[in-house]
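What follows is a short report on a single structure.
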Amino acid sequence: EHFKEFHASYTKDIEDVTLKLNSLILNDNHVDTKELLSTTSDILTKYDNTLQIFDMLHCMRDMDDLTYVHCINVAIIASILGKWLGYSEEDVKVLTLCGILHDIGKLLVPNEILSKPDRLTANEYAIIKEHVNLGYQIVKDADIDERVKSAILLHHEKCDGSGYPMGLKSEDIPDFAKIITIADIYDAMTSSRIYRKALCPFHVVRDMEQDAFTKFDPKFSLPFLKNVATSYIGNNVKLSDGRTGEVVLINEHALSRPIVKCEGNEFVDLSKERNLEIVAVLQ
């Protein structure tokens, strides 16, 4: 029943955010923050248990990965991370707004490039990278929190200086932009794209864990990955040897390699069984 309610709210939110983002582009710099925040408020106020929201979000991966769906997901993920970090209600609202608006510049990128199933050419990739500047241009004169503007412009920067558009390093990247980067990458990797299927969340946690101290700020990435991994406790998963089982305990020092209870009450500790891994989360 909870999931049916979540599904209905989520679907309505996507319809609302589609209308509001398109309206924002047409009306230039008038941003009605209250209207935008209303698109996710149902979900975020109805469910106090943030791990429950995350669990239900995992089950929505059959949605077409349009920019609008991605923006809703990033808004929800960023707001949850803000709560995990103990941010004030006002700061969580700002983070949610950052998520909703972070990719607004993509609505000005030609759809044939965004939906191209093949590898992008260097020129096409350069056009896609422009979305951060295009998005910033839409909101730069708007009467909204400066942290939202910087998150739109800088959510592809990485702490080691390998990001764009300016190649900034950690000390020069605002905290809210760092948080949106984490939410953006997690959602992009766990969602289906036209050129690939959604990646197994435990593979995403493994890959992000490897970058936790380099590309990401560990004060944000480590609590995020620990809580994400924890949200899968109780889920059934498939192992690389074909067995299935239930995630029962997370290993703090190997978040992508939990303890799985398989048939016959056999407990498989993936932090010790290095030849095995989780290849899929089962619905």
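The values are calculated or read from the model by the stated rules, or taken from the named source; none is laboratory data. The structure displayed is predicted, hence computed values, not measured ones. Glycine gets a Cβ as well: all are built from the backbone with ideal geometry, and neighbour counts include every protein chain shown. Each accessible area value is taken on the protein alone, full model and side chains, heavy atoms only, with ligands, DNA and RNA left out. Shrake-Rupley method; radii C 1.70, N 1.55, O 1.52, S 1.80 Å.
It is to be established whether one or more residues within the range 34-52 are in a loop (DSSP other than H, G, I, E, B), open to solvent by 70 Å² or more (accessible area, probe 1.4 Å) and either among the β-branched types (Val, Ile, Thr) or within 24 Å of residue 232 (Cβ to Cβ) (or both). Yes, because at least one residue in the range 34-52 is in a loop (DSSP other than H, G, I, E, B), open to solvent by 70 Å² or more (accessible area, probe 1.4 Å) and either among the β-branched types (Val, Ile, Thr) or within 24 Å of residue 232 (Cβ to Cβ) (or both). Of all residues in the range 15-33, those being part of a helix (DSSP H, G or I) and open to solvent by 20 Å² or more (accessible area, probe 1.4 Å) number 10. Scanning the range 238-277 for residues that are polar (S, T, N, Q) and in a strand (DSSP E or B) yields 244, 251, 256. Report yes if residue 162 is in contact (Cβ under 8 Å) with a residue 24 or more places away in the chain and of a type in the set (Gly, Ala, Ser), otherwise no. Taking the combined requirement at face value, the residue satisfies it.
Check the range 191-214 and report whether any residue there is polar (S, T, N, Q), within 24 Å of residue 77 (Cβ to Cβ) and surrounded by 22 or more Cβ atoms within 10 Å (Cβ to Cβ). Scanning the range 191-214 turns up no residue that is polar (S, T, N, Q), within 24 Å of residue 77 (Cβ to Cβ) and surrounded by 22 or more Cβ atoms within 10 Å (Cβ to Cβ). Take residue 280 and tell me if it is assigned to a helix (DSSP H, G or I), in contact with a strand residue (DSSP E or B) (Cβ under 7 Å, 6 or more places away or on another chain) and modelled with pLDDT under 95. No; evaluated as a whole, the condition is false for this residue.
Residues in the range 93-137 that are without any contact (Cβ under 8 Å) to a residue 12 or more places away in the chain and either buried (at least 22 other Cβ atoms within 10 Å of the Cβ) or among the acidic types (Asp, Glu) (or both): 112, 124.
Would a scan of the range 264-281 turn up a residue that is of a type in the set (Phe, Trp, Tyr) and surrounded by 16 or more Cβ atoms within 10 Å (Cβ to Cβ)? Break it down stepwise before answering.
Going through the range 264-281, the residues of a type in the set (Phe, Trp, Tyr) turn out to be 267.
Subsequent filtering for residues that are surrounded by 16 or more Cβ atoms within 10 Å (Cβ to Cβ) retains none.
No, the range 264-281 contains no residue that is of a type in the set (Phe, Trp, Tyr) and surrounded by 16 or more Cβ atoms within 10 Å (Cβ to Cβ).
Cβ-Cβ contacts under 6 Å between residues 6 or more apart (or on different chains), taken from a first residue in the range 64-88 that is touching a residue at least 12 places away in the same chain (Cβ under 8 Å) and farther than 19 Å from residue 38 by Cβ to a second residue that is of a type in the set (Ser, Thr, Tyr) and surrounded by fewer than 24 Cβ atoms within 10 Å (Cβ to Cβ), are listed as 65/191; 65/192.
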